[in-house]
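The values are calculated or read from the model by the stated rules, or taken from the named source; none is laboratory data. Small disclaimer: the values here were computed from a predicted structure and weren't measured. All Cβ positions, glycine included, derive from the backbone under ideal geometry; neighbour counts span all protein chains shown. SASA here: full protein model, heavy atoms, side chains in, ligands and nucleic acids out. Shrake-Rupley method; radii C 1.70, N 1.55, O 1.52, S 1.80 Å.
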Amino acid sequence: MVQKIALITGAAQGIGFEIAKELSNSGMTVIISDKNEERLKEAITERPDLKYLLCDVSNEDQIKETIDSVISQFGALHVMINNAGFQHVSMIEEFDTEIFELMQKVMVVGPFIFMKYALPIMKQQNFGRIINIASINGLVGFAGKAGYNTAKHGVIGLTKVAALETAAIGITVNAICPGYVDTELVRNQFQDLAKTRNIAVEDVLEQVLYPLVPQKRLIDVSEIAALVIYLCSDAAKGMTGQAVVLDGGYTVQ
Ligand code: NAD
């Protein structure tokens, strides 16, 4: 069997790092990329089986260099996970325009450019699995998250187009829409959410988040990684263009 090569962006920590570990456990060669070199080195120290490449996904030259390095070092690219992202909470009137634009660059334009360079390689292989880590905020709105909601809705649209453009050639393109996952990205919002709701930080889970989540818990990173393993498997070859929701019931209410 051909050794599969997987590249994951924003994978020095959180969801991306967990996906990397699981894909490596499943036998793939996994390259983690991130803009944070210190964290990347810590991740590699914890898991020396992973390879790493420094890449800021808001920079097209760095994306091209990353894809070129993957091909020159590993000779193929089978799995591409667009995971890099960040949150910023502010009402529209006060939302910094530069931050809004950067959110689109990191979470929509970056995945678009990665696909632009990865798809010709995957087409030659007649095989590819692209997974874009979107969010439930790509399906429903949330006050205070204009930049994030816009980007995540956008990447779901991009996923559908890419799925249609590649449907006949062994490539699948899907988005995963997690609800609240227990990572720094969520915990860093507690301060801002407490401020906008005028409550104590330690009350954010019980008073703001849990009332929205029927399962009344945060999703674990391992649950997202398990879904990625399935989407990369042969069993999921008929699934493309989907926005797969994993949210403890948030969006069914
Ligand atoms: P995290 O903050 O723990 O990790 C995000 C990683 O992305 C960090 O390592 C960071 O350095 C990297 N990153 C940010 N900007 C980058 C850039 N310009 N170039 C390269 N790397 C960059 O967050 P997480 O919770 O693991 O989030 C991962 C993805 O999952 C994000 O796209 C996020 O929007 C999405 N998501 C998270 C949740 C959640 O509840 N945690 C829910 C839905 C979707």
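Here's the yes/no breakdown for (1) open to solvent by 20 Å² or more (accessible area, probe 1.4 Å); (2) more than 16 Å from the chain's Cα centre (by Cα); (3) of a type in the set (Val, Ile, Thr):
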residue: Val2; (1), (2), (3): yes, yes, yes
residue: Ala6; (1), (2), (3): no, no, no
residue: Gln13; (1), (2), (3): yes, no, no
residue: Gly16; (1), (2), (3): no, no, no
residue: Ile19; (1), (2), (3): no, no, yes
residue: Ser26; (1), (2), (3): yes, yes, no
residue: Ile32; (1), (2), (3): no, no, yes
residue: Arg39; (1), (2), (3): yes, yes, no
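Over 16 Å from the mean Cα position of the chain (by Cα), under 26 Å from Tyr210 (Cβ atoms) and buried (at least 17 other Cβ atoms within 10 Å of the Cβ) - does that describe any residue in the stretch 164-180?
The answer is no, given that none of the residues of the stretch 164-180 is over 16 Å from the mean Cα position of the chain (by Cα), under 26 Å from Tyr210 (Cβ atoms) and buried (at least 17 other Cβ atoms within 10 Å of the Cβ).
Looking at Asn137, Asn132, can you tell me which residue is within 10 Å of the ligand (Cβ to nearest atom) and surrounded by 24 or more Cβ atoms within 10 Å (Cβ to Cβ)?
Exactly one residue qualifies, and that residue is Asn132.
Could you look through the stretch 181-223, keep only residues that are in contact with a strand residue (DSSP E or B) (Cβ under 7 Å, 6 or more places away or on another chain) and open to solvent by less than 40 Å² (accessible area, probe 1.4 Å), and pick out the one that is nearest to Lys145 (Cα to Cα)?
Val181
Taking the stated definitions as given, is Arg129 of a type in the set (Lys, Arg) and closer than 21 Å to Tyr250 by Cβ?
No: the conditions fail for Arg129.
(1) under 17 Å from Ile15 (Cβ atoms); (2) open to solvent by 50 Å² or more (accessible area, probe 1.4 Å): which one isn't true of Phe100, the others all being true?
So Phe100 meets the others, but not (1).
Residues of the stretch 140-182 being more than 9 Å from the ligand (Cβ to nearest atom) and part of a loop (DSSP other than H, G, I, E, B), which ones?
Residues satisfying the conditions are Val140, Gly141, Phe142, Ala143, Gly144, Gly170.
Considering each of Thr29, Thr9 in turn, give the residue that is over 18 Å from Asn132 (Cβ atoms) and modelled with pLDDT of 95 or more.
Going through Thr29, Thr9 in turn, just one is over 18 Å from Asn132 (Cβ atoms) and modelled with pLDDT of 95 or more: Thr29.
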